[in-house]
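All remarks here apply to the structure that follows.
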Amino acid sequence: MGKVIVVTSGKGGVGKTTSSAALGAALAQRGEKVVVVDFDVGLRNLDLVMGAERRVVYDLVNVIQGEAKLTQALIRDKRLETLFLLPASQTRDKDALTPEGVELVMAELKRVFDWVICDSPAGIERGATLAMRHADMAVVVTNPEVSSVRDSDRIIGLLDSKTLKAERGERMEKHLLLTRYDPNRAERGDMLKVEDVLEILSIPLIGIIPESMDVLRASNIGAPVTLADARSAPAMAYFDAARRLAGEVLPITIPGEKRGLFGKIFGRRAA
Amino acid sequence: MSIFQLFRKQRSAPMARERLQVLLAHERSSTGADLVSILREEILAAIAKHVQLDNDKVQVKMDRDEHVSILEIDVEIPLDAAMRAA
Ligand SMILES: Nc1ncnc2c1ncn2[C@@H]1O[C@H](COP(=O)(O)OP(=O)(O)OP(=O)(O)O)[C@@H](O)[C@H]1O
Ligand SMILES: [Mg+2]
């Protein structure tokens, strides 16, 4: 039975889709069978980030409404045999998702895949609550910035009340993924510190992804950053986060903190 | 990083532009139903007139490109249905 992970945040534009694609690809690069599901009905983007936009025939809503079989809607990645995408519909709205339909799709995906990664839409409405509904584990994507931290706190509350796990009285495993972390701004003291965010949200940290041009480049060419440039800083951070998701224990490095004296002086002068 | 890598790395924006142009051309076509999608639906409907279509036995693949699109329809037609039609 596969594990269902929801990638969620409350706030928009913090890096959920980027992270869903990168974590999904990183797990598939380890040979595990992964499907990434786009729950952002009406505003799908995962297909574009994963470079599959020209191959979408059917989508999640078609499957839920019985117009297509799940196997017909799944798109296999061209580079990774074990990575699949289930796209969202671009033409319908979120009401096209029914709780019963989502339940059936999730049950079937869990039977076939090792990992089912649900890319949640922003907000706290239907789309977001359906994306988290069947999760075994949550990745809460947060930027080191006040409104993102506040919205993450709100989402953590929903994870602990609106999910099947919560309703059954079980504990939802939640992990913090800090993204768009800028070492220079951290150094200058203009950004919330990692410790601050951790203290406020008090859920365990699964990784820190630096702000990086490599992420933009990856989305331009249509590849998860772990595939586009496996040796880039964000890719390595995503690889480590994926290993932690799979249960490995690794020390977390804060981007930029291992800089030598020269880096520090240079960083200050540049500021 | 060598200077060549730097140059190679800088060429992602044109690719983004090209991908978006192709995608949006398809998405903008009024109902979102471009020629390839229309053909897909009509071909499937034509087959369904003669054979009871089982969704499990139909695979549809599309690949849209700037210059050509590929529509691949793979239908398993059971032998008895084929004989009845003959
Ligand atoms: N580590 C990063 N470095 C630089 N840019 C990033 C990083 N992570 C994400 N981005 C950029 O931020 C923007 C938003 O990212 P993304 O689409 O993944 O967010 P999202 O949370 O899925 O947004 P939405 O809420 O709209 O679904 C994109 O342009 C993406 O390229
Ligand atoms: Mg998104």
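The values are calculated or read from the model by the stated rules, or taken from the named source; none is laboratory data. Predicted model only: the values in this text are computed from it and were never measured. Here the Cβ is made from the backbone with ideal geometry for all residues, glycine too, and neighbour counts use every protein chain on show.
Summary of computed values
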| item | result |
| --- | --- |
| Residue in the stretch A:71-86 that is of a type outside the set (S, T, N, Q), touching a helix residue (DSSP H, G or I) at 6+ places or on another chain (Cβ under 8 Å) and assigned to a helix (DSSP H, G or I) present | yes |
| Helices (runs of 4 or more DSSP H) (entirely within the stretch A:114-229) containing at least 3 residues that are of a type in the set (Asp, Glu) | A:194-201 |
| The lone exception for A:Gly2 - which of (1) crowded, with 20+ Cβ neighbours inside 10 Å; (2) within 20 Å of A:Phe239 (Cα to Cα) it fails | (1) |
| Every residue from the stretch B:40-53 that is surrounded by 12 or more Cβ atoms within 10 Å (Cβ to Cβ) and either touching a His at 6+ places or on another chain (Cβ under 6 Å) or farther than 21 Å from A:Arg92 by Cα (or both) | B:Ile43, B:Leu44, B:Ile47, B:Ala48, B:His50, B:Val51, B:Leu53 |
| Checking A:Ile203 against (1) within 28 Å of A:Ile64 (Cβ to Cβ); (2) touching a strand residue (DSSP E or B) at 6+ places or on another chain (Cβ under 6 Å); (3) away from ligand 1 (no atom under 16 Å from the Cβ), the condition it does not meet | (1) |
| Qualifying residue in the stretch A:50-73 (condition: within 14 Å of chain B (Cβ to nearest Cβ), of a type in the set (Val, Ile, Thr), under 20 Å from the mean Cα position of the chain (by Cα) and within 22 Å of B:Leu20 (Cβ to Cβ)) | no |
| Any hit, the stretch A:7-20, residues being part of a loop (DSSP other than H, G, I, E, B), within 16 Å of ligand 1 (Cβ to nearest atom) and within 12 Å of chain B (Cβ to nearest Cβ) | no |
| Subset tally (residues that are acidic (Asp, Glu) and either buried (at least 19 other Cβ atoms within 10 Å of the Cβ) or modelled with pLDDT of 95 or more (or both)) for the stretch A:182-222 | 2 |
| Residue among A:Ser152, A:Ser212 that is within 14 Å of chain B (Cβ to nearest Cβ) and either of a type in the set (Gly, Ala, Ser) or within 15 Å of ligand 1 (Cβ to nearest atom) (or both) | A:Ser212 |
| Residue list for the stretch A:60-82, restricted to those being charged (D, E, K, R), surrounded by 18 or more Cβ atoms within 10 Å (Cβ to Cβ) and at pLDDT below 95 | A:Lys69 |
| Members of the stretch A:27-44 that are surrounded by 20 or more Cβ atoms within 10 Å (Cβ to Cβ) and within 16 Å of ligand 1 (Cβ to nearest atom) | A:Val36, A:Val37, A:Asp38, A:Phe39, A:Asp40, A:Val41, A:Arg44 |
| Pick from the stretch A:115-149, criterion hydroxyl-bearing (Ser, Thr, Tyr) and touching a residue at least 60 places away in the same chain (Cβ under 8 Å), ranking: farthest from ligand 1 (Cβ to nearest atom) | A:Ser147 |
| Any hit, the stretch A:91-114, residues being within 21 Å of A:Leu43 (Cβ to Cβ), buried (at least 21 other Cβ atoms within 10 Å of the Cβ), within 15 Å of the chain's Cα centre (by Cα) and within 16 Å of ligand 1 (Cβ to nearest atom) | no |
